[in-house]
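In what follows, a structure is listed as structure tokens, so that the remarks can point back to it.
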Amino acid sequence: MRTAEEQFDLICATCTGKPGVEKGKMMSSPGLKYNDKVFAFLYKDKMGFRLGPNFDPGKWGLKYPEPLSPFKAKPPLKGWLLIDQREMDLWEPFADMALTYTQTLK
């Protein structure tokens, strides 16, 4: 089984071949961005994805999704989810969905 970093590196290799996508940072963590907007990043053994406020984790059968909540005194960031490495088989399709969603943002 791959480590979280190995899986992230594979996703980076695939995604950075797409127009407008390059490596970037999200809260000091390695990430992927499209036109300077981060859409995915690696955080410890999890990967964060900008999937939009209407994304329903239940439709994917996710067992361990977490809202991205980096600030103690503020609510979680809308439209962002952290997905545990136990479900890393979904990271690649989520990266594609996050890119597609981010491409719709102005």
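The values are calculated or read from the model by the stated rules, or taken from the named source; none is laboratory data. Bear in mind that the values here come from a model prediction, so they are computed numbers and not experimental data. For neighbour counting, all protein chains shown are included, and Cβ atoms are generated from backbone atoms with ideal geometry for every residue, glycine included.
Of the conditions (1) among the charged types (D, E, K, R); (2) touching a residue at least 60 places away in the same chain (Cβ under 8 Å); (3) in contact with an Asp or Glu (Cβ under 7 Å, 6 or more places away or on another chain), E92 satisfies every one except a single condition; which number is it? If we test E92 against (1) among the charged types (D, E, K, R); (2) touching a residue at least 60 places away in the same chain (Cβ under 8 Å); (3) in contact with an Asp or Glu (Cβ under 7 Å, 6 or more places away or on another chain), just (3) comes out false. Looking only at residues of the range 32-56 that are surrounded by 18 or more Cβ atoms within 10 Å (Cβ to Cβ) and not in a strand (DSSP E or B), we find that the one that is modelled with the lowest pLDDT is F55. Just to be sure, is A13 loosely packed, with under 12 Cβ neighbours inside 10 Å, among the aliphatic types (A, V, I, L, M) and part of a loop (DSSP other than H, G, I, E, B)? Spelling it out, it is not the case that A13 is loosely packed, with under 12 Cβ neighbours inside 10 Å, among the aliphatic types (A, V, I, L, M) and part of a loop (DSSP other than H, G, I, E, B).
Just one of the numbered conditions (1) touching a residue at least 60 places away in the same chain (Cβ under 8 Å); (2) over 12 Å from W91 (Cα atoms) is not true of F8: (2).
Quick check on my filter: what residues within the range 16-31 are of a type in the set (G, A, S), closer than 16 Å to D96 by Cβ and surrounded by fewer than 20 Cβ atoms within 10 Å (Cβ to Cβ)? Of everything in the range 16-31, those that are of a type in the set (G, A, S), closer than 16 Å to D96 by Cβ and surrounded by fewer than 20 Cβ atoms within 10 Å (Cβ to Cβ) turn out to be G17, G20.
Candidates are the residues of the range 11-32 that are of a type in the set (D, E, K, R) and out of contact with any helix residue (DSSP H, G or I) (no Cβ under 8 Å at 6 or more places or on another chain); the one that is farthest from P93 (Cα to Cα) is K25.
Checking the structure you have, find out if any residue of the range 88-103 is part of a strand (DSSP E or B) and either within 12 Å of the chain's Cα centre (by Cα) or of a type in the set (A, V, I, L, M, F, W, C) (or both). Give the derivation first.
Applying the first criterion (part of a strand (DSSP E or B)) to the range 88-103 yields none.
Within the range 88-103, not a single residue is part of a strand (DSSP E or B) and either within 12 Å of the chain's Cα centre (by Cα) or of a type in the set (A, V, I, L, M, F, W, C) (or both).
For the range 66-83, the tally of residues that are buried (at least 18 other Cβ atoms within 10 Å of the Cβ) and not β-branched (V, I, T) stands at 5.
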